[in-house]
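Derivation of every value follows stated rules applied to the coordinates shown; laboratory data play no part. This is a predicted model, so every value here is computed, not measured. Glycine also receives a Cβ, built like all others from the backbone with ideal geometry; neighbour counts cover every protein chain displayed.
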There are 2 protein chains.
Amino acid sequence: MKDVARTAGVSVMTVSRAFKSDRSVSQQTREKVREIAEQMGYVFDSTAANLRSQKSGFVAVTIPTIDNGNFSDTVGSLSAQLNGAGLQILLGYSNYSIEKEEELIEQLLRRRPEAIVVTGGRHTERTRRLLGQAGIPVVEMWDLPTDPIDHVVGFSNASTMEMMVDHLVEQGYRRIAFVGGDTVWDTRGADRRRGFVAGMTRHGLLDQARFIAGGKPPISMRQGADAMAELLAQYPDTEAVVCVSDPAAFGATTECIRRGLAVPGDMAVAGFGGYELSAISCPTITTVDPRPADIGSQTAHLISSLLEQGGAGQASQRLEITPMLRPGESTTRT
Amino acid sequence: MKDVARTAGVSVMTVSRAFKSDRSVSQQTREKVREIAEQMGYVFDSTAANLRSQKSGFVAVTIPTIDNGNFSDTVGSLSAQLNGAGLQILLGYSNYSIEKEEELIEQLLRRRPEAIVVTGGRHTERTRRLLGQAGIPVVEMWDLPTDPIDHVVGFSNASTMEMMVDHLVEQGYRRIAFVGGDTVWDTRGADRRRGFVAGMTRHGLLDQARFIAGGKPPISMRQGADAMAELLAQYPDTEAVVCVSDPAAFGATTECIRRGLAVPGDMAVAGFGGYELSAISCPTITTVDPRPADIGSQTAHLISSLLEQGGAGQASQRLEITPMLRPGESTTRT
DNA sequence: TTGAAAGCGCTAACAA
DNA sequence: TTGTTAGCGCTTTCAA
């Protein structure tokens, strides 16, 4: 910057101002400075600017994995909106581990983000402490924790799954199985399973419920297919299956078709997540859409307004997203 | 840090050292300092450290969109490996626009990344200039540009698609259609289309080739289904379709099945990308796997070794990935 | 509208 | 093993 200033015959301060948007520099000076900077191949150094102004322009985000269309949708809309506000996303993957999440969050906080968004509502004690004293807005998304750290943008995985159980029971299914991943890892998956149990209990069908474990999340299509194979071996009289996610439900559906079983004629299948896959698949698969892009944009909007009003220390908001049931051919009684 | 130093009764330099890994501090002092820091809720400030040491710990990455399983796979493995080396990914989305990419790259360079990875080999002149004079290793991935900026980790989209055409012709198909997105936006899609034309020409079948445009990338499953509908209306005697990506091929396949057309009996379908979807779908879909995770890990490995050897200015490497044809039921002559 | 001085929180370089 | 000094490249603050 000093070099640019010298070449342009102005002070470094003027160069600095020429690179900001609406500061007080004459149009003429600004253009000259920018042109010279471009010629000299000068690239502004945000690191130094951030240090001095104590504003990083970062929003930190942790998601369990990038390998999940739902989370990518959320991050995509979050990112698009925050970029518009001049903020960049600093993304980290916790790999479904709250210990890894703790480590990750510590790393991210060292970059002095202006806000932080975490997925889910279960964290280590130290994570809660780190986030609590970070002095920036904290948003927990994709869940509705009973004891939130600060702000929340999410939905109840449990009651959404109950809604799905209601739908299946309404359609006349009774012997229903749940296919999910390891619940120690995937807390949202665990909540969905809890919702399944609650729904079955409420309908007096808990004794007809079956459970198949699908391994470590994210549950793949292959794991869904394997789970269906296991289900058919263990509980061949099952009438319907609800899977913890759409890819698993799709895998389960193809396994049936491959074996000559009709879906839903011989076996009904439902998923979770509202993926495009479920709407296009043949048969279309019943699912519930938690509107991941809405979670992202609501979160972005919340963060923008919080930062405008001065950041941390404001009344904690709780935005509840209402997932939508999308009935498909895969559970329609023929 | 000053506060921590005072409380611990040491100098700031000692505190600084206590937070580095293998520097010269007595084990006792380090533990005491860390403990006090933890109690005081002190979080190390990377921004300042980066400014002083002129090392950001960032690797910048641009991808067209997060909404594409192939790119997420690449970023996932890239990220996992670089995190191991203490580097964080600074990710940006170009939205398939080289103008947006230019803007994005300028933003990213301001954060002083230690290396930068861009997707594809087509860029604006200014992008090339910015990258050329950034003084850091530059990797272009997912392509094999004829005139690379610096390092390359990728494969030829054109010749990979030619391989697919060979496979279809070998299976006996002649009247073959190509379904792809807008080629102005998606340069990899354009390369694949070129490869299709080259393959058909080589087999003397260009006059029997058909083309259906699927809109702006990334091409969705829905667009694939719509493209199939259009194809059946315009060229009902088509024998096989090759799609620019697997999701589109899946959509096209379901559209056939929905209309009572057998795949491959009445219409053969092939995709591109090696998605799990193609291996699980019923019928399984013929695809070609560019091994996105390998692209990521090869890129990570290249970057690690370049940074170890001092960063920019080293001999430009060109790592070619060999995509694998994965024949599926969707093109198998019955 | 422009400039000079001070300093953001850390580390390189050197000294003890 | 520990401490002192200077300064990374910018912006804040104050003055002209």
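Could you please find all residues in region A:210-239 being within 28 Å of A:Phe71 (Cβ to Cβ) and aliphatic (A, V, I, L, M)? Within region A:210-239, A:Ile212, A:Ala213, A:Ile219, A:Met221, A:Ala225, A:Ala227, A:Met228, A:Ala229, A:Leu231 meet the criteria.
Checking each residue in region B:193-230 for being of a type in the set (Asp, Glu) and either touching a Ser or Thr at 6+ places or on another chain (Cβ under 6 Å) or buried (at least 18 other Cβ atoms within 10 Å of the Cβ) (or both) picks out only B:Asp226. Spot the failing condition for B:Ser21; the list is (1) within 13 Å of another protein chain (Cβ to nearest Cβ); (2) assigned to a loop (DSSP other than H, G, I, E, B); (3) of a type outside the set (Phe, Trp, Tyr), and only one is missed. B:Ser21 satisfies all of (1) within 13 Å of another protein chain (Cβ to nearest Cβ); (2) assigned to a loop (DSSP other than H, G, I, E, B); (3) of a type outside the set (Phe, Trp, Tyr) except (1). No other residue among A:Ala233, A:Ala315 is surrounded by fewer than 16 Cβ atoms within 10 Å (Cβ to Cβ) and part of a helix (DSSP H, G or I) apart from A:Ala233. Sub-6 Å Cβ pairs linking a first residue in region A:46-74 that is of a type in the set (Phe, Trp, Tyr) to a second residue that is more than 16 Å from DNA strand C (Cβ to nearest atom) and assigned to a strand (DSSP E or B), at least 6 apart or interchain, are A:Phe58/A:Gln88; A:Phe58/A:Leu90; A:Phe71/A:Ile63, ordered by first then second residue.
Would you mind listing the strands (runs of 3 or more DSSP E) fully within region A:128-180 where at least 1 residues are small (Gly, Ala, Ser)? Working first, answer last.
On the way: elements: A:138-141, A:151-154, A:176-180.
Filter on region A:128-180 gives A:151-154, A:176-180.
Residues in region A:35-93 that are more than 8 Å from chain B (Cβ to nearest Cβ), within 15 Å of A:Phe19 (Cα to Cα) and assigned to a loop (DSSP other than H, G, I, E, B): 2 in all.
Pairs linking a residue in region B:1-16 that is part of a helix (DSSP H, G or I) to a residue that is hydroxyl-bearing (Ser, Thr, Tyr) and within 7 Å of DNA strand D (Cβ to nearest atom), with Cβ atoms under 6 Å and 6 or more positions apart or on different chains, are B:Ala5/B:Ser11.
Just give me the residues in region B:267-304 being of a type in the set (D, E, K, R) and not in a loop (DSSP other than H, G, I, E, B), in sequence order.
Of all residues in region B:267-304, those of a type in the set (D, E, K, R) come to B:276, B:289, B:291, B:294.
Result: B:Glu276, B:Asp289, B:Asp294.
Check region A:47-61 and report whether any residue there is away from DNA strand D (no atom under 16 Å from the Cβ) and out of contact with any Gly (no Cβ under 9 Å at 6 or more places or on another chain). Yes: region A:47-61 contains one or more residues that are away from DNA strand D (no atom under 16 Å from the Cβ) and out of contact with any Gly (no Cβ under 9 Å at 6 or more places or on another chain). Just one of the listed residues (B:Thr299, B:Thr331, B:Thr253) is crowded, with 22+ Cβ neighbours inside 10 Å, touching a residue at least 24 places away in the same chain (Cβ under 8 Å) and closer than 24 Å to B:Lys216 by Cα, and it is B:Thr253. Every listed requirement among (1) over 17 Å from the mean Cα position of the chain (by Cα); (2) of a type in the set (Ser, Thr, Tyr); (3) away from DNA strand C (no atom under 16 Å from the Cβ) is met by A:Thr65 save one, (1).
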